[in-house]
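Each remark here refers to the structure printed beneath this line.
Read-outs throughout are calculated quantities, based only on the coordinates presented, and are distinct from any laboratory measurement. All values reported here derive from a predicted model rather than from experimental measurement. Using ideal geometry, Cβ is built from the backbone for each residue, glycine included, and neighbour counts are taken over all protein chains shown.
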Amino acid sequence: MCAEIRFAHLSDWHATTLVGAGAEILNPKRLSGWASWRLSRRHRHDPSILEAAIRDVHRQQVDRILVTGDLTHISLEQEFRVAAAQLATLGSADDVFLIPGNHDCYVPVDPARSWDLWAPYLAGANVGELDPEIANCLHTPLDDSRAPRHEDYPILRLEGRLAMVGLCSAIPTPIFRAGGLLGDEQLDRLERLLEALRARGYCRVLMIHHPVAEKGEPTRRALWDADRLREVLSRVGAELVIHGHKHRRRVSQLPGPQGGIPSVGVPSSSEIGSRPEKRAQYHVYTVRSQGGDGASTQGFEIDVEVRGHDAVTGEFGRVDDRIF
């Protein structure tokens, strides 16, 4: 790696409103989600905290910003439009790479009124400009105005020797279920992609909304083919897995071909701190060639800094918690 690369990881900011929602909520699952927002979620997620997080991200002068989904509550068009403006405040589509979460796929929605409103942020690298062996592991190039669909993943972006691999576990689910699914085709392409990137010396950071670890998530909220993903990682590896979904930090090690693969979940970027472990945070990662302090992973070192919201100052600052 010619120089260290720094990136921020945010997730699950849910900083939209359902005020003014009309007949679109007249769906059993959406009504349930609206009730949850009315009674609880709207009191726990504060847009001003997200604004403070964005200000702090800008001060960190990171090279890239990765967002692992759940920007909305119940996938209303008005929410996608508000979140699009929040993404624009966070950074340009070249600098911000987004994958969707389960709340961004709460029920089946016309893409023109949902994901397509975020298309530049969801898009990957221009396949035609990639190494052919890497390009062959990806889906066909997409129109810039059209967001990737579930069947188009994985999505890849590159920054120097950093490979950011976006997965989509977001699918519509029945009421009272919030699980996710990758599917055989996405997993098959992912395995070939990770191997091609490994062979070319990239530091592979895998982005997914749902946690991947074997334990810790009830079935109704779990990644339903996590065992298949863990099998892929055990064969071809990755340097880091980042996720959201739990609204709290979660750190685990996944089996890899040359040792454990760090898997780190980040809390919500807008939580008021309804519980101490849920107060708003985001993470800043520094990736460099092996040779100093940090989590050593296949020729790279990865350091992580926790940035948390201070209710007294209203701003974010460094939290003295060590993840690695």
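General remarks:
- Residues in region 99-111 that are without any contact (Cβ under 8 Å) to a residue 40 or more places away in the chain and either β-branched (Val, Ile, Thr) or closer than 20 Å to Gly244 by Cα (or both): Val109 alone.
- Qualifying residue in region 238-254 (condition: touching a helix residue (DSSP H, G or I) at 6+ places or on another chain (Cβ under 9 Å), surrounded by fewer than 20 Cβ atoms within 10 Å (Cβ to Cβ) and within 24 Å of Ala199 (Cβ to Cβ)): no
- Which numbered condition Glu77 misses (of (1) touching a helix residue (DSSP H, G or I) at 6+ places or on another chain (Cβ under 6 Å); (2) of a type in the set (Asp, Glu); (3) within 23 Å of Leu182 (Cβ to Cβ)): (3)
- Filtered by the rule that a residue be out of contact with any helix residue (DSSP H, G or I) (no Cβ under 8 Å at 6 or more places or on another chain), in a loop (DSSP other than H, G, I, E, B) and surrounded by fewer than 21 Cβ atoms within 10 Å (Cβ to Cβ), region 177-212 gives Leu181, Gly201.
- Residues (part of a helix (DSSP H, G or I), touching a residue at least 60 places away in the same chain (Cβ under 8 Å) and surrounded by 15 or more Cβ atoms within 10 Å (Cβ to Cβ)) located in region 48-65: Ile49, Leu50, Ala52, Ala53, Asp56, Val57, Gln60
- The C-beta contact set for region 72-89 (first residue more than 17 Å from Pro111 (Cβ to Cβ), second residue part of a helix (DSSP H, G or I), distance under 7 angstrom, 6+ apart or interchain) comprises His73/Gly33; His73/Trp37; His73/Arg41; His73/Glu79; His73/His103; Gln86/Leu50; Thr89/Ile54.
- Filtered residues of region 213-233 (kept if in a strand (DSSP E or B) and at positive phi): none
- Where Ser145 falls short, out of the listed (1) of a type in the set (Ser, Thr, Tyr); (2) within 22 Å of Val107 (Cβ to Cβ); (3) surrounded by fewer than 23 Cβ atoms within 10 Å (Cβ to Cβ): (2)
Yes/no matrix, rows are residues, columns are (1) out of contact with any strand residue (DSSP E or B) (no Cβ under 9 Å at 6 or more places or on another chain); (2) aromatic (Phe, Trp, Tyr); (3) under 16 Å from Leu138 (Cα atoms):
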position: His150; (1), (2), (3): yes, no, yes
position: Pro154; (1), (2), (3): no, no, yes
position: Arg161; (1), (2), (3): no, no, no
position: Arg177; (1), (2), (3): yes, no, no
position: Leu181; (1), (2), (3): no, no, no
position: Glu185; (1), (2), (3): yes, no, yes
position: Arg189; (1), (2), (3): yes, no, yes
position: Leu197; (1), (2), (3): no, no, yes
position: Gly216; (1), (2), (3): no, no, no
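- Taken across region 36-47, residues that are under 30 Å from Asp152 (Cβ atoms), in contact (Cβ under 8 Å) with a residue 24 or more places away in the chain and among the basic types (Lys, Arg) do occur, with at least one present.
- Subset of region 112-140 [in a helix (DSSP H, G or I), surrounded by 15 or more Cβ atoms within 10 Å (Cβ to Cβ) and free of Cβ contacts under 8 Å to residues at least 60 places away in the same chain]: Arg113, Trp115, Asp116, Leu117, Trp118, Ala119, Pro120, Tyr121, Leu122, Val127, Ala135
- Scanning region 141-176 for residues that are within 28 Å of Tyr285 (Cα to Cα), touching a residue at least 60 places away in the same chain (Cβ under 8 Å) and part of a loop (DSSP other than H, G, I, E, B) returns Gly160, Arg161, Leu167, Cys168, Ser169, Ala170.
- Meets criteria (of a type in the set (S, T, N, Q), surrounded by 18 or more Cβ atoms within 10 Å (Cβ to Cβ) and without any contact (Cβ under 8 Å) to a residue 60 or more places away in the chain) for Ser11: no
- Residues being in a helix (DSSP H, G or I) and either of a type outside the set (Val, Ile, Thr) or on the phi > 0 side of the Ramachandran plot (or both) are represented in region 66-78 by at least one member.
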